[in-house]
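The values are calculated or read from the model by the stated rules, or taken from the named source; none is laboratory data. What you see is a predicted model, and the numbers here were worked out from it, not measured in a lab. Virtual Cβ from ideal backbone geometry, glycine too; neighbours counted across all protein chains shown. What goes into the accessible areas is simple: the full protein's heavy atoms, side chains included, and nothing from ligands, DNA or RNA. Shrake-Rupley method; radii C 1.70, N 1.55, O 1.52, S 1.80 Å.
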Amino acid sequence: MKQLYRYVMIFVVLMLCSCALALQAKNANISEEFEKSMKGYNKLLRWRDIEGAGMIYMDPELRDAFLKSAEDIKKRGVTITDYRILTSECLPEKKTGEVVAEFDYYALPSNRIKTLTYRQKWTYLDTEEKKGWQLKTALPPFD
């Protein structure tokens, strides 16, 4: 009887360890996806594909307002010259992420470079229809 009890305990411990490893691997995958999405979105902004960035990464409920802002930015002749990711934090267990990026830009007819800080809030969706990271933050004003 004692030997059966030992085998059961060993089995339970092994199952718990395997579940923990599986969860850790899933969280690592979610973190890697966050890194790719965050970098992809900001690169698209930098290369003036603001509409594309919105269509790929923006939450569908906020997409129309985002695209209006993108149109306004293009009409005003705003050009992003560079960006830097200051901080990024991914919390896979909460399925959230946050990025603080800094953008250098100018707005025609001025050639003066301005800098602004853009806080981005992200959420991870894992549904049958959509799986991946979505942005929940509107574009900054680029005044």
Exercise. Please turn the phi angles of region 105-122 into ³J(HN,Hα) values with the Karplus equation 6.51 cos²θ - 1.76 cosθ + 1.60 (θ = phi - 60°), one per residue in order, whole Hz, x for glycine and proline.
Key: 7, 9, 10, 4, x, 6, 10, 7, 7, 10, 10, 9, 9, 10, 8, 10, 10, 10
Practice problem: Starting from the exponent 0.38 and prefactor 2.2 Å, build the expected Rg for region 93-143 from its residue count and divide its actual Cα Rg by it. | Solution: 1.56
Quiz item: Given region 55-143, what count of lysine pairs have C-alpha atoms under 29 Å apart, with each pair 8 or more places apart or on different chains?
Solution: 24
Quiz item: Which net charge results when you count Lys and Arg as +1 and Asp and Glu as -1 among the other residues whose beta-carbon is under 11 Å from that of residue 121?
Solution: -1
Quiz item: Which value, in Å², gives the accessible area per residue of region 55-143 when a 1.4 Å probe is used on the protein heavy atoms?
Solution: 61 Å²
Quiz item: How would you rank 106-119, 66-79, 43-56, highest first, on the average number of other Cβ atoms within 10 Å across their residues?
Solution: 43-56, 66-79, 106-119
Practice problem: Subtracting the Cα-Cα distance from 0.36 nm times the residue separation, let me have the gained length for residue 71 to residue 98 in nm, one decimal. | Solution: 7.2 nm
Quiz item: Each residue of region 53-60 in order: what ³J(HN,Hα) in whole Hz does its phi give by Karplus 6.51 cos²θ - 1.76 cosθ + 1.60, θ = phi - 60°, with x for Gly and Pro?
Solution: 4, x, 5, 7, 10, 7, 4, x
